[in-house]
Amino acid sequence: MRRSERDLAHAAKNTTRRSLLLGGAMSSVVGVLGFRMWQLGVRDAEQYYLLAEENRISLRLVRPDRGRILDRAGKIVADNEQAYRITLVKEEARDVDDVLQKLRVLLGLDAETVSKVNEQIDRVRAFVPVTVKDRVTWDELSIVALNSPVLPGVQPEMVLSRVYPFGPDFAHQVGYVGPVSDSDLENEAADNAPLLRLPDFEVGKTGVERIHERTLRGMPGTRRVEVNVSGRTMRELDLDPATPGPDMQVTLDHHLQNFMRVRLEGQSAAAIVMDVTNGDLLGCTSAPSFDPNLFVRGISSRDYGTLRDSEFRPLADKTVQGAYPPGSTIKMSNALAALETGLMDPEETVACNGYVEISGRRFHCWKRGGHGRVNMVGALRESCDVYFYEVAQRIGIDGIFAMNDRLGLGQKYDLPLSGMAHGNNPSRAWKQERYGQDWLIGDTINASIGQGFTLASPIQLATMTARLASGTAVLPRLVRPRTGQDQDTAAPAPLGLSADALAIVRQGMFEVSNHERGTAYSSRIADPTLAMAGKTGTSQVFSITAAERAAGVRSQDELPWNRRDHALFVAFAPFDAPRFAVTVVVEHGGGGSTAAAPIARDIMLFAQHGGLPPEDAYPTSQRARIREDLALLSERILPPDGTIATVSRT
């Protein structure tokens, strides 16, 4: 049916309205889109450009080379060596289990290693390389290279890793580095944490390596790289190189250090050589030692268990961590206190019949029959306990404490060593605070012979000896100025002790080693120009009961090792112009004169000669035996230039 004109006009009117509405809607949409495009392309262009650039450009940390550590002569004792490792990238390997199985056969990996690799793979992103085996040999590297077609995702990498060329010689003092632990991350500042999260990053764990970690580590660099959407590196755009850590020099002498370690083999002991003029530690050895290279990439459970469970405690640095009753080595301090206060004349004699009764208790001398009448020099020479019981009653614990403190006992020194023991220089206030008890006369008597509450570390005894020898408040030093130059601009301050008092004490020490009645006469030095002044010490580990004393005290050889007395010896030389102070502590060694003094003499002679001493430095009657001993030592120590990097392990 044909539509009327009216209907056509009405339809045209409706069509025009719809067109206008549709056109308006479309115009609005186009306008909004255009405005948004103007926002993105013009107004906010810079902001979105930066966002896009950040998505495309990634900043990566560049690990710095660790600073080396050198001995006082410039020999490198902690170095960085180029090493190869085999890594695996999960996203490239496709079948990780298959690749690891092939590597297990080619490289001889054990199940524990494979398990650790799988754990690492699960913790990192798919494109991050994971170390499968570190420090691979050239043969192992060649095998992997030949089989590379069937080892997708496997790559060899060259890295710098810490190495200790002289193994156990500096293990306790220089310390070692190891993998970053959770506690390392917790203790690190937030801005440094990303560096520690780099794969296989190493941080100092003990000794100089730990205390000077921030310095030796250096400063990381950065590189700008272009990455794809999954984070894989496409190309490097810019590099800001890392700043290597500066080299550091210690005061230790490797030739002496190596000799001391070899000389102490078979003992649980500590020995220190200090320059009395400036406090430099020339030798500082704890025995037995260990190979720090075992810890660099993570020590095995078996190796660590062996070190941990040894009764000789090779992991402990006995030179600073050990705290021992100092025994008779403390008697010089008591003598000085009596002289300085004027409470005892050096020529006054005390009768020793083997014991003295004080407050109803009998205190014995080490010599059962007694020493007879002795003056101060004689009491030091023969180590008469009864004489020093009398000294202690006159000066009291306050006098003992004050002089011990003056000589450096009971103090912690500013040394870059781990876990230093404070020792204990007891006082009235200390006992009251610690035990809530008053100080007793018996406590004073025990303190006078270095027993009871008194404890000292070998480094404290070495400092005491250096102060007695020099008359100055010398302090021990292990790290030299970074310039490598000796910058002793200020000499150690005087102790303020009278020259006469020091001379009497030094004479007593001289006669210990050089008088036929001295307790260390058998360990004397024959050359008078190198003569040694010393003091023996024997500290009880277990008290002797009255019943045991009445039945006859058993000899040290008859006792179990861990019940024997500690043996101590302190000395300085040459007597006329002191240069070296030596301290030796042999755990459960028995007696200071028999166990510690002979070791100290050998070390003192080596320090003075700069190498193995000649036979004529020893008494004539001992030279046949000494000749054999020196021959054995010469076979086991390194040459002076330290060219042999393979040393015997203890």
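Before moving on, here are some points about what is shown:
- Taking each residue of the stretch 239-261 that is closer than 15 Å to Gly167 by Cβ and polar (S, T, N, Q) and looking for partners that are modelled with pLDDT of 95 or more and in a strand (DSSP E or B) with beta-carbon atoms closer than 7 Å, six or more apart or interchain, yields Gln257/Gly283; Gln257/Thr285.
- Only one of the numbered conditions (1) in a helix (DSSP H, G or I); (2) over 30 Å from Asp602 (Cβ atoms); (3) out of contact with any helix residue (DSSP H, G or I) (no Cβ under 7 Å at 6 or more places or on another chain) is violated by Ala491, and that is (1).
- Only one of the listed residues (Arg235, Arg214, Arg223) is part of a helix (DSSP H, G or I), at pLDDT below 95, more than 25 Å from Thr277 (Cβ to Cβ) and not hydroxyl-bearing (Ser, Thr, Tyr). That residue is Arg214.
- Here Gln120 meets each of (1) touching a residue at least 12 places away in the same chain (Cβ under 8 Å); (2) surrounded by 13 or more Cβ atoms within 10 Å (Cβ to Cβ) with one exception, condition (1).
- Yes/no for Leu307 being buried (at least 16 other Cβ atoms within 10 Å of the Cβ), under 20 Å from the mean Cα position of the chain (by Cα) and farther than 30 Å from Gly74 by Cα: yes
- Listed by position, the helices (runs of 4 or more DSSP H) contained in the stretch 247-334 that have at least 2 residues being of a type in the set (Gly, Ala, Ser) and out of contact with any strand residue (DSSP E or B) (no Cβ under 9 Å at 6 or more places or on another chain) are 301-309.
- Considering Ala490, Ala447, Ala531, Ala499, the condition of being within 17 Å of Leu409 (Cα to Cα) and of a type outside the set (Phe, Trp, Tyr) is satisfied by Ala447 alone.
- Condition met for Pro426 (out of contact with any Leu (no Cβ under 7 Å at 6 or more places or on another chain) and farther than 25 Å from Ala323 by Cα): no
- Checklist (1) surrounded by fewer than 16 Cβ atoms within 10 Å (Cβ to Cβ); (2) under 24 Å from Arg564 (Cβ atoms) applied to Ile330, failing item: (1)
- Of all residues making up the stretch 364-382, the number that are surrounded by 18 or more Cβ atoms within 10 Å (Cβ to Cβ) and in contact with a strand residue (DSSP E or B) (Cβ under 6 Å, 6 or more places away or on another chain): 3
- The stretch 556-575 - residue that is modelled with pLDDT under 95 and surrounded by fewer than 20 Cβ atoms within 10 Å (Cβ to Cβ) and, of those, farthest from Ser457 (Cα to Cα): Glu558
- Evaluation of Thr341 against (1) within 23 Å of Leu440 (Cβ to Cβ); (2) surrounded by 24 or more Cβ atoms within 10 Å (Cβ to Cβ); (3) of a type in the set (S, T, N, Q) (one fails), failing number: (2)
- In the set (1) of a type outside the set (Phe, Trp, Tyr); (2) free of Cβ contacts under 8 Å to residues at least 40 places away in the same chain; (3) touching a helix residue (DSSP H, G or I) at 6+ places or on another chain (Cβ under 8 Å), the condition left unmet by Ala189 is number (3).
- Asn353 meets the conditions (1) over 30 Å from Gln173 (Cα atoms); (2) surrounded by fewer than 23 Cβ atoms within 10 Å (Cβ to Cβ); (3) touching a helix residue (DSSP H, G or I) at 6+ places or on another chain (Cβ under 7 Å) in every case but one. The failed one is (3).
- Matching option when the condition is assigned to a helix (DSSP H, G or I), surrounded by 14 or more Cβ atoms within 10 Å (Cβ to Cβ), at pLDDT 95 or above and touching a strand residue (DSSP E or B) at 6+ places or on another chain (Cβ under 9 Å), among Val174, Val208: Val208
- Residue pairs meeting the criteria (Cβ under 8 Å; at least 6 apart or on separate chains; first at negative phi, in the stretch 361-381; second surrounded by fewer than 19 Cβ atoms within 10 Å (Cβ to Cβ) and among the acidic types (Asp, Glu)): Phe363/Glu357; Asn375/Glu347; Asn375/Glu348; Met376/Glu347; Met376/Glu348
Each row is one residue, and each column tells you yes or no for (1) within 22 Å of the chain's Cα centre (by Cα); (2) without any contact (Cβ under 8 Å) to a residue 12 or more places away in the chain; (3) outside any helix (DSSP H, G or I); (4) surrounded by 20 or more Cβ atoms within 10 Å (Cβ to Cβ).
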site	(1), (2), (3), (4)
Asp414	yes, no, yes, no
Trp430	no, no, no, no
Glu433	no, yes, no, no
Gln437	no, yes, yes, no
Ala447	no, no, no, yes
Gly450	no, no, yes, yes
Phe453	no, no, yes, no
Ala462	yes, no, no, yes
Thr465	no, no, no, yes
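- Residue that is surrounded by the fewest Cβ atoms within 10 Å (Cβ to Cβ) [pool: residues in the stretch 82-110 that are modelled with pLDDT under 85 and small (Gly, Ala, Ser)]: Ala83
Here's the yes/no breakdown for (1) more than 20 Å from the chain's Cα centre (by Cα); (2) at pLDDT 90 or above; (3) farther than 28 Å from Arg636 by Cβ:
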| position | (1), (2), (3) |
| --- | --- |
| Met248 | no, yes, yes |
| Thr251 | no, yes, no |
| Phe259 | no, yes, no |
| Val262 | no, yes, no |
| Gln267 | no, yes, no |
| Ala271 | no, yes, no |
| Leu281 | no, yes, no |
| Ala287 | no, yes, no |
| Arg297 | no, no, yes |
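- Qualifying positions in the stretch 580-629 - within 11 Å of Leu530 (Cβ to Cβ), in contact with a strand residue (DSSP E or B) (Cβ under 6 Å, 6 or more places away or on another chain) and not in a helix (DSSP H, G or I): Phe580
- Odd one out for Met158, checked against (1) free of Cβ contacts under 8 Å to residues at least 60 places away in the same chain; (2) surrounded by fewer than 17 Cβ atoms within 10 Å (Cβ to Cβ); (3) in a strand (DSSP E or B): (1)
The values are calculated or read from the model by the stated rules, or taken from the named source; none is laboratory data. Quick caveat, the model's predicted, so the values are computed rather than measured. Methodologically, a virtual Cβ is constructed for each residue, glycine included, from the backbone with ideal geometry; neighbour enumeration extends over all protein chains shown.
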